[in-house]
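Read through the structure below, which is laid out as structure tokens, and then see the notes.
The values are calculated or read from the model by the stated rules, or taken from the named source; none is laboratory data. Values in this document were obtained by computation on a predicted structure and should not be read as measured data. With ideal geometry, Cβ positions are generated from the backbone for all residues, glycine too; neighbour counts draw on all protein chains shown. Remember, those area values only see protein heavy atoms, side chains included, never the ligands or the DNA or RNA. Shrake-Rupley method; radii C 1.70, N 1.55, O 1.52, S 1.80 Å.
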Amino acid sequence: MTRSLFGTDGVRGRTNTHPMTAELAMRLAAAAGRFFRRDQQEHRVVIGKDTRLSGYMLENALTAGFTSTGMNVFLLGPVPTPAVGFLTRSMRADVGVMISASHNPAEDNGIKFFGPDGFKLSDDAETEIERLMEAGVSLAHPQRIGRAKRIDDSGSRYVEYVKTTFPRQFRLDGLRIVVDCANGAAHRVGPSILWELGADVIPVGTSPNGLNINDKCGSTHPDLAAAKVLETRADVGLCLDGDADRLILIDQNGQRVDGDQIMGLIASRWKEDGRLAGDTLVTTVMSNLGLERFLESRGIAIERTKVGDRYVVERMRQGGFNLGGEQSGHIVMTDHATTGDGLVAALQVLAAMVETGARASDLLRVFTPIPQVLHNVRYASGTEPLDRDSVRQAIADGEKKLGTSGRLLIRKSGTEPLIRVMGEAEDQDTLHSVLDTICRAVEHTN
């Protein structure tokens, strides 16, 4: 059976449109409940969400589905995605659920599942849940219907945990930090963590109204934080996304720093300290060629996976590696968390600033990126542009032109009907010519 609901990061879509409806969420939860409830003992599920208006609807629907199969539900309220992974393990739950569409706009939403170990479910587990949902599940006896309870201190538990990942001998005294919480799940915990560690905190994107999550703020719109850094003469800016599992930084000059530079910094420091498992960083095919060359010069291997932090984590677990991530800002440190955690990653960078006394601009430019260009080309539903001979020929011709001085990555989006056409090369004229040719070939298939 092939999966039709689950994408690269759970089930996601436009709210009140298939598959992101209350009816489907309830059926999905019932199937997940049946999948995880294998005996007559007490079974638990924790459910977190970000600040989208539709979170209330989906939270109630999921609760109904889980309790109908005898699962007891613990409602965490608005918390970051990594908090769900942490609390799933901490509360000895059988499954965790995060209601979020991450960096997408407010009208979208999504449902992500975590296993009892706090890690996202495998493709096989998601396929089985889909099968159960299609087949229909038997409901619990009336006397065994589950209960639901709200956990009021879930945010505080997560705050205390995140602080334990910051070196105990350090404080953030004297650092002025802008933190943009994207009007999302970290709007309370993010500023609290930094303030409790001693920073002078300047929060933005901390007034969610259900409709403004990721709206001209956060990791996908870092201009707001950059302007605030310059206005307040801050030392650094932290940009989270709606569910706070990714991080983009702003240096004191207002310049953006992506996940590749953050991973390069952490990997090189961990290598020096003997903390980098296998002397290897796991990242995706999207990470810059400049990062790969920098790591090789430091004796650090790089392993690339498909796009999606879940595939990064799978490879990390298979190889016993403890550091991985994506250019988009998912930084995964399995010594500390089971998924990308923007706040834990930020504390690693801040610890380096405290220890070295270096400015953000000096510390965070660890390599010179190879120029990278990305185009998104929309295609008509039902077509498969990458199977067309004309597109394949354009890609082959492009690879021949770039040779060893660059690389191409052409792939379908996992969440939208887009072909992502990415290329890297030092010769920009040749790169743009190659990418334009491929984009036109894709467009002509519509």
From the option list ARG411, ARG392, single residue qualifying as more than 30 Å from THR165 (Cα to Cα), out of contact with any Leu (no Cβ under 6 Å at 6 or more places or on another chain) and touching a residue at least 60 places away in the same chain (Cβ under 8 Å) is ARG411
Are any residues in the range 340-351 touching a His at 6+ places or on another chain (Cβ under 8 Å) and more than 16 Å from PHE170 (Cα to Cα), and if so, which ones? GLY340
Which pairs do you get when a residue that is over 27 Å from GLY406 (Cα atoms) and modelled with pLDDT of 95 or more, found in the range 352-372, comes within reach of a residue that is surrounded by 14 or more Cβ atoms within 10 Å (Cβ to Cβ) and of a type in the set (Lys, Arg), reach meaning Cβ atoms under 7 angstrom, with the pair 6+ apart or on two chains? ALA352/ARG269
Listing of strands (runs of 3 or more DSSP E) fully contained in the range 91-156 that carry 3 or more residues being open to solvent by 40 Å² or more (accessible area, probe 1.4 Å) and either within 27 Å of GLY205 (Cβ to Cβ) or touching a strand residue (DSSP E or B) at 6+ places or on another chain (Cβ under 8 Å) (or both): 148-150
Enumeration of residues in the range 45-98 that are more than 14 Å from ARG150 (Cβ to Cβ) and of a type in the set (Lys, Arg): ARG52, ARG89, ARG92
For the range 142-167, which residues satisfy the criterion of being within 25 Å of ARG37 (Cα to Cα) and without any contact (Cβ under 8 Å) to a residue 12 or more places away in the chain? PRO142, GLN143
Among the residues of the range 288-333, which ones are open to solvent by 10 Å² or more (accessible area, probe 1.4 Å), among the β-branched types (Val, Ile, Thr) and out of contact with any Leu (no Cβ under 7 Å at 6 or more places or on another chain)? THR305, VAL307, VAL313
